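Chemist: This is the structure I want to talk about, given as structure tokens.
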Amino acid sequence: MVLSSNCSSSSPSKRIGPDSVDPAKSSKLLESVPRSNYTDVLNEFHPPKPGWYEELFAFVLNTATKSYEAEVARYKSEIFSSLRDKAQKIVEIGIGTGPNLSYYASNPDVEVVGIDPNQKMEKYARSSAESAGLPPSNFEFIHAVGEVIPLDDASVDAVVGTLVLCSVKDVSMTIQEIKRVLRPGGLYVFVEHVGAKEGKVLKFIQKILDPLQQTLADGCHLCRDTEGYISEAGFSRVELNTASLKKATFVNPHIYGVAYK
Ligand SMILES: C[S@@+](CC[C@H](N)C(=O)[O-])C[C@H]1O[C@@H](n2cnc3c(N)ncnc32)[C@H](O)[C@@H]1O
């Protein structure tokens, strides 16, 4: 699979190219990979980057997103409230520095598995977990990717993912993995930035900036039709809303919501 730099290929209806699902490959990976060692998978879906790049990206994410987080808080509060009393075991894909933990991890009975291919995120995520009041024994950080989640089928009550489907290498495969690990009735809570509508000036700008964004922001795509991927993934119900965030400038619009398995 090759990382796309072409905005126009990022649509779920065009199941060719880098974002396409190859079910045979997906299931082969799941069968062949020992649960204790995901290194090969990790390297395939998130090829190793220099340590300084990963450190810098983690540092920037931890320090430069405060005003964005303040603006997105009203939407996050809304969707994370749906986890209350419904989710004890939660996996967050692409947890990054852990900005969501304060929304759902205050209940001491909650167990959280955060997965991220960037090992340098771990110290920030652990610190966020501590600030959220989560006992260390209830938080696990796994160095892994969303395309092959190292958890059993139907093993979690909820999956959380914010600003991550823009960065995974294979969107369809990641969403199928989300569905696989969710128990029946489980919730997928998401916030994602997506590509602007075709014909808008913003889309024109996104197409120009997309290759640069991927280089600077660890594979983040500006133009993906993530809404289409989630809506067509076969969840029993999808509650999806759209918002435009001032602080996110050209990284807009955003979609946020809850999908139910
Ligand atoms: C823009 S950051 C968002 C982090 C965090 N979720 C947030 O809302 O601040 C994207 C995150 O996705 C992670 N990531 C990149 N590729 C991934 C993959 N294939 N699977 C899971 N996470 C991935 C990155 O390491 C990074 O932590």
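Chemist: Under 5 Å between amide hydrogens, which residues at least 5 positions from His221 or on another chain qualify, with H placed 1.01 Å from N in the peptide plane?
Modeler: Here the answer is Ser167, since their amide H atoms fall under 5 Å of that of His221.
Chemist: Next question, about the same structure. Would you please give the residues with an amide H less than 5 Å from that of Glu111, counting only those at least 5 places away or on a separate chain, with H modeled from the backbone geometry?
Modeler: Lys89, Ile90
Chemist: Can you give me the Rg/Rh ratio for the chain, using Cα atoms for both radii and the Kirkwood formula for Rh?
Modeler: 0.93
Chemist: Put a dot 7 Å past each Cα toward the Cβ at Thr242 and Gln88; how far apart are the dots in nm?
Modeler: It is 4.0 nm.
Chemist: Given a 1.4 Å probe, how much area per residue of segment 21-260 is accessible, in Å²?
Modeler: In whole numbers, segment 21-260 has 44 Å² accessible per residue.
Chemist: Report the percentage of all Cα-Cα pairs in segment 179-236 whose separation exceeds 14 Å, rounded to a whole percent.
Modeler: Beyond 14 Å sits 64 percent of the P(r) for segment 179-236.
Chemist: Using only Cα positions of segment 27-161, each an equal point scatterer, no hydration layer, compute I(q)/I(0) via Debye at q = 0.20 Å⁻¹ and quote the log10 values to two decimals.
Modeler: With no solvent term, the Cα-only Debye profile gives -1.25.
Chemist: Let me ask something else about it. In whole Hz, what ³J(HN,Hα) sequence does segment 139-154 give by Karplus (6.51, -1.76, 1.60; θ = phi - 60°), x for Gly and Pro?
Modeler: Result, ordered by residue: 10, 10, 10, 10, 7, 7, 10, x, 5, 9, 7, x, 9, 6, 4, 6 Hz.
Chemist: So what is the relative contact order for segment 104-224, in percent, with contacts set as C-alpha pairs under 8 Å and at least six apart?
Modeler: 21 percent.
Chemist: Near the amide H of Phe141, under 5 Å away, which other amide H atoms are found, from residues 5 or more places off or on another chain, if H is placed in the peptide plane?
Modeler: Gly114
Chemist: To continue, here is another question. With n ≥ 4 as the cut-off for DSSP H runs, can you work out [θ] at 222 nm for the chain, using -39500 (n - 2.57) per run divided by the number of residues, rounded to the nearest 500?
Modeler: Value at 222 nm, helices only: -10500 deg cm²/dmol.
Chemist: Counting other Cβ atoms within 10 Å of each Cβ, which chymotrypsin sites (Phe, Trp or Tyr not before Pro) in segment 60-111 have at most 10 and sit in a DSSP loop?
Modeler: none
Chemist: Next up: For a 29 Å ceiling on Cα separation, which of these pairs sit above it: Lys120/Lys247; Lys120/Lys203; Lys89/Lys203; Lys76/Lys123; Lys123/Lys203?
Modeler: Violating the 29 Å limit, Cα to Cα: Lys120/Lys203; Lys89/Lys203; Lys123/Lys203.
Chemist: Here's something else I'd like to know. How charged is the neighbourhood of Phe235? Take every other residue with its Cβ under 13 Å from the Cβ of Phe235, and add Lys/Arg as +1 and Asp/Glu as -1.
Modeler: Charge balance near Phe235 sits at +1.
Chemist: Another question, then. Assign one of three labels to segment 118-186, namely rounded, prolate or oblate, based on the Cα gyration tensor with a ≥ b ≥ c the square roots of its eigenvalues; rounded applies when a/c is under 1.5, prolate when it is not and a/b is larger than b/c, and oblate otherwise.
Modeler: Verdict is oblate for segment 118-186.
Chemist: For segment 106-247, what D do you get in µm² per second when you plug the Kirkwood radius from alpha-carbon pairs into Stokes-Einstein at 10 °C and 1.306 mPa s?
Modeler: 95
Chemist: Next up: Along Cα→Cβ, 7 Å out, is where each label goes; now give me the distance between the ones at Lys200 and Lys49 in nm to one decimal.
Modeler: A separation of 2.6 nm, rounded to one decimal place.
Chemist: Treating only the Cβ of Lys, Arg, Asp and Glu as charged (+1, +1, -1, -1), what charge dipole size does the chain show about its Cα centre? Round to the nearest 20 debye.
Modeler: Computed charge dipole of the chain: roughly 620 debye.
Chemist: Would you please give the FRET efficiency between Ser127 and Phe250, computed as 1/(1 + (r/R0)^6) with r the Cβ-Cβ distance and R0 = 45 Å, to the nearest 0.05?
Modeler: Step by step, r from the Cβ atoms, then E = 0.90.
The values are calculated or read from the model by the stated rules, or taken from the named source; none is laboratory data. All of these numbers come straight from a predicted model, not from anything done at the bench. A quick note on method: Cβ atoms are made from the backbone with ideal geometry, for glycine too, and the neighbour counts reach across all protein chains shown. To get the accessible areas, we keep the full protein, side chains included, count just its heavy atoms, and leave off ligands, DNA and RNA. Shrake-Rupley method; radii C 1.70, N 1.55, O 1.52, S 1.80 Å.
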